[in-house]
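The values are calculated or read from the model by the stated rules, or taken from the named source; none is laboratory data. Please read all numbers here as calculations on a predicted model, not as lab measurements. Because the Cβ atoms are built from the backbone with ideal geometry, glycine has one as well, and the counts that use them run over all protein chains shown. We work out accessible area using only protein heavy atoms, side chains counted, and drop any ligands, DNA or RNA first. Shrake-Rupley method; radii C 1.70, N 1.55, O 1.52, S 1.80 Å.
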Amino acid sequence: MNKDDIEYLAKIVYDRSGIVLTQEKAYLLESRLAPIARKEGFNSIDDLVSTLRGRADEKMAWQITDAMTTNETFFFRDKTPFDNLKNHVLPELKARKSAGKVRIWCAASSTGQEPYSIAMLLNEEASKYPGLSFEITGTDISNRVVEKAKSGLYSQFEVQRGLPVTSLVKYFDKVDDMWQLKPNIRSQVTFKQGNLQDDFTSLGKFDIIFCRNVLIYFDQPTKAKILERMATMMPDNGYLFLGAAETVMGLTDAFNSSREVRGVYTRQAGWTRAKAA
Amino acid sequence: MRSCLVVDDSRVIRKVARRILEDLEFKIEEAADGMEALTACRGQMPDMVLLDWNMPVMNGLDFLKALRQEPGGDKPVVIFCTTENDLDHITQALENGANEYIMKPFDGDIIEAKLAEVGLV
Ligand SMILES: C[S@@+](CC[C@H](N)C(=O)[O-])C[C@H]1O[C@@H](n2cnc3c(N)ncnc32)[C@H](O)[C@@H]1O
């Protein structure tokens, strides 16, 4: 593939998702677009690109974008955030609000392991929070992964990464060669297709937002815009969980890093976007 | 260095497991069936046992039951590693004192993930 085509495709992906395809990542284009080219009846990726250049095809552009997302995830990924949720965030939240609804959002939920891990954790902890009810929303730009997440079906390989076998026995049914989360866990999570480039404030207010391992794909202005929009959807001191390689530092002053709990940020009390501008 | 007894009647599987576990800094002993494994444990209790289910002479479950009766036999962390992949087998293993359970085929990622579950890495 020539440099022009790479740039052209990278722009298609960036314009829709905000994902920056660096030069090193360009090699992924070939391996991921080859199956699309084949499926759509093109002889090569070059053919696909020249056709696309000749005639705008939004559906194709989205297929390409979807193919360039990285959906790697697993149950209880990195473990610490889930320990932090259990040991710090939930008790603190309870001290603040002893009754009512706690809304949690996984902003790039991929195939669902993250929100379902939270749902299993909440199930274990529920007796400590009798007054609170929890509602989990998972969104992702890729319809493909959202559909898989909704199904709650995982391969033998997937259920063996990060999930203790006791949880497998407790929360899953075996369905042929796959494992399916039981209805009581599945019903705790609502999945929707959702693009972080769009105005997602209509999802409502959230006490806790997990936005892990997705900002890494964006440039600085995009990260800042998303974080500040999230801040407008949270109460003062609401909790933001980022991935191990992600930070708010240098991007926005809407969040404070929490002193004792690494990777958890709290929404700055009284912050408004106007003030930041 | 932590020790691991790899119990499997397949030499190939033992070799694969050995390579993965040695990379994770375990000292490896091998046994080809439950009886050999029990003898090895009576000599010296390992920190961990990676245990196949179906083997000649003594199968994995019978070995596990016997091990847990031995003096000091409650110590080793036992991780099943077997093609048996239905809930009945898993439940039986847990009820008889297994700490974790790997369904074959496995790879380094799965072994490492399971060792993390039991606090060995
Ligand atoms: C590496 S996964 C992270 C999954 C999970 N949060 C975790 O940490 O394991 C990144 C996900 O971000 C999604 N994604 C990428 N760009 C997005 C965007 N603009 N809006 C919403 N989701 C996006 C991808 O589809 C992918 O599923």
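Just a few scattered comments:
- All helices (runs of 4 or more DSSP H) inside segment A:1-74 with 1 or more residues being over 17 Å from residue A:219 (Cβ atoms) and touching a residue at least 60 places away in the same chain (Cβ under 8 Å): A:58-67
- In the set (1) surrounded by 19 or more Cβ atoms within 10 Å (Cβ to Cβ); (2) within 10 Å of the ligand (Cβ to nearest atom), residue A:72 fails one condition alone, (1).
- Being within 30 Å of residue B:89 (Cα to Cα), touching a strand residue (DSSP E or B) at 6+ places or on another chain (Cβ under 9 Å), buried (at least 16 other Cβ atoms within 10 Å of the Cβ) and outside the structural domain of residue A:15 (by TED's automatic domain parsing) is a property that does not hold for residue A:239.
- Selection from segment A:130-148 of residues that are within 9 Å of the ligand (Cβ to nearest atom) and surrounded by fewer than 18 Cβ atoms within 10 Å (Cβ to Cβ): A:144
- Qualifying positions in segment A:37-69 - within 26 Å of the chain's Cα centre (by Cα), more than 16 Å from the ligand (Cβ to nearest atom) and open to solvent by less than 40 Å² (accessible area, probe 1.4 Å): A:60
- Every residue from segment A:208-221 that is open to solvent by 10 Å² or more (accessible area, probe 1.4 Å) and not in a loop (DSSP other than H, G, I, E, B): A:216, A:217, A:220, A:221
- Test: residue in segment B:48-63 that is under 21 Å from residue B:114 (Cβ atoms) and out of contact with any helix residue (DSSP H, G or I) (no Cβ under 9 Å at 6 or more places or on another chain): no
- Test: residue A:127 is closer than 19 Å to residue A:184 by Cβ, of a type outside the set (A, V, I, L, M), open to solvent by less than 60 Å² (accessible area, probe 1.4 Å) and away from the ligand (no atom under 16 Å from the Cβ): no
- Going through (1) part of a loop (DSSP other than H, G, I, E, B); (2) open to solvent by 40 Å² or more (accessible area, probe 1.4 Å); (3) without any contact (Cβ under 8 Å) to a residue 24 or more places away in the chain one by one, residue A:166 falls short only on (1).
- Residue within segment A:198-207 that is in contact (Cβ under 8 Å) with a residue 12 or more places away in the chain and among the hydroxyl-bearing types (Ser, Thr, Tyr) present: yes
- Only one of B:114, B:75, B:65 that is within 23 Å of residue B:22 (Cβ to Cβ), open to solvent by 40 Å² or more (accessible area, probe 1.4 Å) and charged (D, E, K, R): B:75
- Flag if residue A:85 is away from chain B (no Cβ under 14 Å), buried (at least 19 other Cβ atoms within 10 Å of the Cβ) and over 16 Å from the mean Cα position of the chain (by Cα): yes
- When residues of segment A:97-119 are limited to those that are in a helix (DSSP H, G or I) and more than 14 Å from every other protein chain (Cβ to nearest Cβ), the one nearest to the ligand (Cβ to nearest atom): A:114
- A count restricted to segment B:5-41 and to residues that are free of Cβ contacts under 8 Å to residues at least 12 places away in the same chain and within 17 Å of residue B:76 (Cβ to Cβ) stands at 1.
- The listed residue being assigned to a loop (DSSP other than H, G, I, E, B) and either touching a residue at least 12 places away in the same chain (Cβ under 8 Å) or away from chain B (no Cβ under 14 Å) (or both), out of A:195, A:184: A:195
- Inside segment A:137-166, residues that are away from every other protein chain (no Cβ under 14 Å) and hydroxyl-bearing (Ser, Thr, Tyr) make up a count of 4.
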